[in-house]
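What follows is a set of notes on a single structure, which appears directly below.
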Amino acid sequence: MADLSGRVAVVTGSGRGIGQCVAIELARRGAKVVTNDLSGCCAEDTLAEIRQNGGEGLAITADVSDAQQVEDMMKTVADTFGKIDILVNNAGTTRDNLMMRMPEADWDLILRVNLKSAWLCSKAVLRPMMRNRYGRIVNMTSVSGIAGQAGQTNYSASKAGLIGMTKALAREVASRSITVNAVAPGFIKTMLTENLPQDILDTLVNQIPLGRWGTVEDVAAAVAFLASDEASYITGHVLSVDGGLVMG
Ligand code: NAD
């Protein structure tokens, strides 16, 4: 298991689902973890679980698609811990609809919450990471950003955008020993996917070579690896965690 002792990590949208599991996993490996979510109680809940397991951290309520709130959050982290080693841009949401029926507001919202937030958070941590000549940025993309998904033109575009940003930033900061990678989950059981109708769930599982939905633990293990020293020669990479759904 990759050791993250002494590292300071920020995980956005970590009040529940994948982000929560990532935050708990990074803490289990020794990192001090800043949990974040739109609602204070969710970020606090995750932090409480981290503390129960003997870990350390801080909970910050902030909308990571808002520039001022991101700036304030990262300043609080730097003031509290003196550095930021790991950033996991996990916060994301969906507003699915066929393009013909999709309101422009839903396009704007998804691009802001899923893509601009990662740009804002990454920009805010670059200076401290460059100063330390160390950093790990992991962006949560999706199979929808690689293969596209009907009903998700907004979401797929935001997740494809994250992949482009991951590769461009990886090139910009590699000389400072900062790596930038993405994790592309397939279908993972969380509140984001719980409302899919059973017939669609059955069809989806039949398309997955490993024959099952993914778990939040599957995704957290991949993020923890990319956030560790063991992944120091990996940058600009998109690691699929999808049971073989999208290959190549
Ligand atoms: P989720 O809805 O269970 O959790 C997302 C969390 O992000 C929520 O707690 C939410 O409040 C928070 N959040 C949303 N907007 C925010 C904002 N502006 N600022 C701060 N926090 C915000 O979803 P999940 O399934 O855990 O998904 C986590 C990430 O993984 C998302 O980026 C999602 O697109 C991606 N993903 C999920 C799946 C899946 O099958 N569940 C597949 C591929 C990718």
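Mind pulling up the Rg/Rh value for region 1-140? Radius of gyration and Kirkwood radius, both on Cα.
Rounded to two decimals, Rg/Rh equals 1.00.
Reported value for the chain: 122 Å³ per residue, from the convex hull of its C-alpha atoms. Measuring max minus min along each principal axis, the C-alpha atoms of region 137-187 give extents of 40, 17, 12 Å (largest first).
Region 76-209: D in µm²/s via Stokes-Einstein (Kirkwood Rh, Cα pairs, 20 °C, 1.002 mPa s)? It comes out at roughly 132 µm²/s. Springs between Cα atoms under 10 Å define the GNM used for the chain, and in it the highest mean-square fluctuation of 135, 214, 19 occurs at 214.
Springs between Cα atoms under 10 Å define the GNM used for the chain, and in it the highest mean-square fluctuation of 98, 38, 226 occurs at 98. Running Debye on region 1-63 with equal point scatterers at the Cα sites and no solvent, what base-10 log of I(q)/I(0) appears at q = 0.22, 0.25, 0.29, 0.30 Å⁻¹? Here the Debye-derived log intensity ratios amount to -0.71, -0.91, -1.18, -1.25. On the principal axes of its alpha-carbon atoms, region 67-139 has extents of 48, 21, 14 Å, going from largest to smallest. Under a cut-off of 26 Å between alpha-carbon atoms, report the lysines in cross-link reach of residue 32, not counting same-chain residues fewer than 8 places apart. Once the sequence-local lysines are set aside, what remains near residue 32 is 75, 83, 116, 123. Please label the shape of region 38-92 as rounded, prolate or oblate, based on the square roots a ≥ b ≥ c of the eigenvalues of the alpha-carbon gyration tensor (a/c under 1.5 means rounded; beyond that, a/b larger than b/c means prolate, else oblate). Oblate shape, in that a/c is at least 1.5 and b/c is the bigger or equal ratio.
Values in this text are rule-based calculations from the coordinates and carry no lab data. Computed from a predicted structure; not experimentally measured.
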